[in-house]
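**Q** Below is one structure. I have some questions about it.
The values are calculated or read from the model by the stated rules, or taken from the named source; none is laboratory data. Quantities reported herein were computed from a predicted structural model and do not represent experimental measurements. Cβ: placed from backbone, ideal geometry, glycine included. Neighbour counts: every protein chain shown.
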Ligand code: PNS
């Protein structure tokens, strides 16, 4: 266990199972882990900062050394204000490396005492990103298994028309004796 506080910064729009996996791994390694949501990361996020905060709080309620916060401005300044010693970031595939390397080195230039620590999420989440989850969900596709259930539910609420469209396309009426109709999945 590393003594001290680490921050895990990101947009988390929305939180995915990959994020959660990394938070659980980080919580095992660091004495304290602060998951820090960047405010105004995008001009039109799918979920408000308050919604992301609430979802992440619910998802990490059982992890006693994890707390959720938000920040604005330079991440290293925020990290310094918490007296954090490490920045935790996840790397999925090699394609993440270039961006993460640049960011880690820029952050080191800005604050040499802060160390960036990279961890790999479980390989089953190696292709999962918030951006793709948003894209699939917006088109009415299934995101089960890619995001926690509470996030899936929130996506459904937000995108209900898209899901209705998807469900309607994948269900066809099945005639049953007695004249009542039952829904069954369409074979594709
Ligand atoms: O989940 P994301 O969108 O990949 O996270 C990116 C994030 C929030 C870690 C990064 O954009 C960030 O730290 N922004 C705050 C502004 C800042 O410090 N920029 C310099 C980074 S080198």
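**Q** Here is a check on your reading of the model: is residue 104 within 20 Å of residue 19 (Cα to Cα), in contact (Cβ under 8 Å) with a residue 24 or more places away in the chain, within 13 Å of the ligand (Cβ to nearest atom) and surrounded by 14 or more Cβ atoms within 10 Å (Cβ to Cβ)?
**A** Here the answer is no, as residue 104 does not meet what is asked.
**Q** Kindly indicate the residue of the stretch 48-71 that is within 15 Å of the ligand (Cβ to nearest atom) and farther than 15 Å from residue 148 by Cα and also surrounded by the most Cβ atoms within 10 Å (Cβ to Cβ) among those meeting that condition.
**A** This residue is 68.
**Q** Let me ask something else about it. Suppose we filter the stretch 3-21 for residues that are surrounded by 14 or more Cβ atoms within 10 Å (Cβ to Cβ) and either over 18 Å from residue 116 (Cα atoms) or away from the ligand (no atom under 11 Å from the Cβ) (or both); how many remain?
**A** 11
**Q** Among the numbered criteria (1) under 28 Å from residue 160 (Cβ atoms); (2) more than 13 Å from the ligand (Cβ to nearest atom); (3) at pLDDT 95 or above, which single criterion is violated by residue 38?
**A** (2)
**Q** Right, next: In contact (Cβ under 8 Å) with a residue 24 or more places away in the chain and outside any helix (DSSP H, G or I): is that true of residue 63 in this structure?
**A** Here the answer is yes, as residue 63 does meet what is asked.
**Q** Provide a single number: the residues in the stretch 74-101 that are at pLDDT below 95 and either within 10 Å of the ligand (Cβ to nearest atom) or at positive phi (or both).
**A** Of the residues in the stretch 74-101, 1 are at pLDDT below 95 and either within 10 Å of the ligand (Cβ to nearest atom) or at positive phi (or both).
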